[in-house]
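The structure appears below as structure tokens.
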Amino acid sequence: MTMDLFDTLETGKERLAPGAVLLRGFAAGQDATLQEHISRIAGQAPFRQMVTPGGFRMSVAMTSCGDLGWITDRRGYRYSPMDPASGRPWPRIPEPWLELVAAAAAEAGFPGFVPDACLINRYVPGARMSLHQDRDERDYNHPIVSVSLGVPAVFQFGGERRKDRPLRVRLAHGDVVAWGGPARLRYHGILTVKSAHHPFAGSDRINLTFRKAG
Ligand code: MD3
Ligand code: FE
């Protein structure tokens, strides 16, 4: 048996591409801590639909926790230490989330990952995220770790150029993916989320992305 097949069968670890490792269901069993902290963070820094520099309102609602939060407005995309909606610092990244993410990153081959930003995306049915690169972080040598929660979505995983034809990967509740090395600057997006129900968040899909931004 090949090591890749062994990993897939025994640990749910699947290499999507060089640098991109899918850990199916890695966050399953953490629903309580994830729900509790998401609702507390959203109480302090509410989800909002931000405007892109081009003037379009995003269909995805976002908030952040950590030393830095990702924001966009007419002036551009950037990380900020303050929530512009309140003028106050973002809530902290919950300790159990840091442990979960460090364990996932290590399992995926990125030991010692310590994020300073967690972007929380909320998709209602009909919301989508078009193909883009994540380029607002200071150092692309750090991976990004994503946690998918609630209703499933189809993830598009493209190449280093926008025109490269994307693969499609279904991301379901509890799936964790680490994106580093040669995968770090690949284009990616989320197709329109369909109406469905999941006990975690009703008809919503929630995605957490952990980054070392500063
Ligand atoms: C591949 N979020 O917030 S997570 C984003 O599901 C974002 O909400 C999507 O893209 C979501 O920027 C996708 C998966 C992901 C995140 C970052 C990546 C894939 C990535 C960075 C580089 C390559
Ligand atoms: Fe992204």
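Fully extending the segment from LYS163 to ARG88, taken as 0.36 nm per residue of separation minus the present Cα-Cα distance, adds 23.0 nm.
When you work out D = kT/(6 pi eta Rh) for the chain at 20 °C and 1.002 mPa s, using the Kirkwood radius from C-alpha pairs as Rh and the Stokes-Einstein form, the result is 123 µm²/s. Among the protein heavy atoms of region 3-211, carbon and sulfur supply 53% of the accessible surface, probe 1.4 Å, non-protein parts ignored. If you take all other residues with their beta carbon under 13 Å from the beta carbon of GLU137, and give Lys and Arg +1 and Asp and Glu -1, the sum is +1. Of the trypsin sites (Lys or Arg not before Pro) in region 104-174, the ones in a loop by DSSP (not H, G, I, E or B) with at most 16 other beta carbons within 10 Å are ARG128, ARG135, ARG138, ARG161, ARG162, LYS163.
Karplus-derived 3J(HN,Hα) values for region 71-80, using 6.51 cos²θ - 1.76 cosθ + 1.60 with θ = phi - 60°, are 9, 9, 7, 4, 7, x, 8, 6, 9, 9 Hz; glycine and proline are entered as x. Here region 131-214 has an Rg and Dmax of 13.4, 38 Å, counting Cα atoms alone.
Taking other residues whose beta carbon is less than 12 angstrom from the beta carbon of VAL176, and scoring Lys, Arg as +1 and Asp, Glu as -1, yields -1. When the alpha-carbon atoms of region 44-142 are used, the pair Rg, Dmax equals 14.4, 40 angstrom. Between the alpha-carbon centres of region 120-140 and region 24-94 there is a gap of 11 Å. Given R0 = 35 Å, the distance between the Cβ atoms of TYR140 and GLN44 translates into a calculated FRET efficiency of 0.70.
Want the number for SER130 to ALA103: 0.36 nm per residue separation, take away the alpha-carbon distance, what's left?
On the way: separation 27, 0.36 × 27 = 9.72 nm, distance 2.93 nm.
Once the chain is fully extended between SER130 and ALA103, it gains 6.8 nm.
Net charge within 12 Å of GLN49 by Cβ-Cβ distance, Lys/Arg positive one each and Asp/Glu negative one each, not counting GLN49 itself?
Numbers: positive: ARG48, ARG57, ARG122; negative: ASP73.
With Lys, Arg at +1 and Asp, Glu at -1, the net is +2.
The values are calculated or read from the model by the stated rules, or taken from the named source; none is laboratory data. These figures come from a predicted structure and were not determined experimentally. Note that each Cβ is placed from the backbone with ideal geometry, even for glycine, and that neighbours are counted across all protein chains shown. All accessible areas refer to the heavy atoms of the entire protein, side chains included, with ligands and DNA or RNA removed. Shrake-Rupley method; radii C 1.70, N 1.55, O 1.52, S 1.80 Å.
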